[in-house]
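The values are calculated or read from the model by the stated rules, or taken from the named source; none is laboratory data. Computed from a prediction, not measured in an experiment: that's the story for all the values here. Cβ coordinates were reconstructed from backbone atoms using ideal geometry, including for glycine residues, and neighbour counts include every protein chain displayed.
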Amino acid sequence: MSQRRRISPEIQRLVRQRANHLCEYCHTSERWQYVRFTIDHVIPLSQGGSDDPANLALACFHCNRRKAEKLTALDPDSGEEVPLFNPRRDAWGNHFIWSSEGLFVIGLTPTGRASVDALELNRERVINIRAADQMVGRHPPPSDRAKQADRGKGVTSEQGQDISKSS
């Protein structure tokens, strides 16, 4: 295992601001938590990653722990190994959407589905945090899309577009 290096306070600030204080995986807000979020190496140091800001992401403790040194996971629909969501390369809204009630992250793509499963983005504790934040108007993040109420099969965006098979 690689030896941990301290990331400078300036780079930590940059990462937090760039992420708008959201875990870049589950989109939980750091602002209302008792514990500061961690700085994740998107590509782990042990796999050639660096401390460069282009390789760093803000991650809650649980997402960081579950991601660990993984770069890939199985898509539960196809069973194929696919890349995990990479916040430095991928746009969150291209891979995920909130359920109609705003509590569950839904994977839209193989990468999104694999990331939801591997990182357990809908674990009970984070759902409870989302519900509490939602009651006071802090969730979901305003820039994130939410699924419209189910009216049949598929996932639709707020604009009514079928996005259930997006990739």
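Data overview
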| quantity | calculated |
| --- | --- |
| Search result, residues across the range 33-52 that are in a strand (DSSP E or B) and either touching a Pro at 6+ places or on another chain (Cβ under 6 Å) or hydrophobic (A, V, I, L, M, F, W, C) (or both) | Ile39 |
| Residue within the range 63-81 that is outside any helix (DSSP H, G or I) and in contact with a Phe, Trp or Tyr (Cβ under 9 Å, 6 or more places away or on another chain) present | no |
| Residue match in the range 1-10 (condition: within 20 Å of the chain's Cα centre (by Cα) and not in a loop (DSSP other than H, G, I, E, B)) | no |
| Test: Leu103 is at pLDDT 95 or above, more than 17 Å from Arg145 (Cα to Cα) and either in contact with a helix residue (DSSP H, G or I) (Cβ under 9 Å, 6 or more places away or on another chain) or surrounded by fewer than 18 Cβ atoms within 10 Å (Cβ to Cβ) (or both) | no |
| Residues within the range 43-65 that are under 12 Å from the mean Cα position of the chain (by Cα) and closer than 16 Å to Arg89 by Cα, tallied | 3 |
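Every residue, every condition in (1) among the basic types (Lys, Arg); (2) surrounded by fewer than 14 Cβ atoms within 10 Å (Cβ to Cβ); (3) under 25 Å from Gly112 (Cβ atoms), yes or no:
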{"site": "Arg6", "(1), (2), (3)": "yes, yes, no"}
{"site": "Glu10", "(1), (2), (3)": "no, yes, no"}
{"site": "Val15", "(1), (2), (3)": "no, no, yes"}
{"site": "Ala19", "(1), (2), (3)": "no, no, yes"}
{"site": "Cys26", "(1), (2), (3)": "no, no, yes"}
{"site": "Glu30", "(1), (2), (3)": "no, no, yes"}
{"site": "Gln33", "(1), (2), (3)": "no, no, yes"}
{"site": "Arg36", "(1), (2), (3)": "yes, yes, no"}
{"site": "Val42", "(1), (2), (3)": "no, no, yes"}
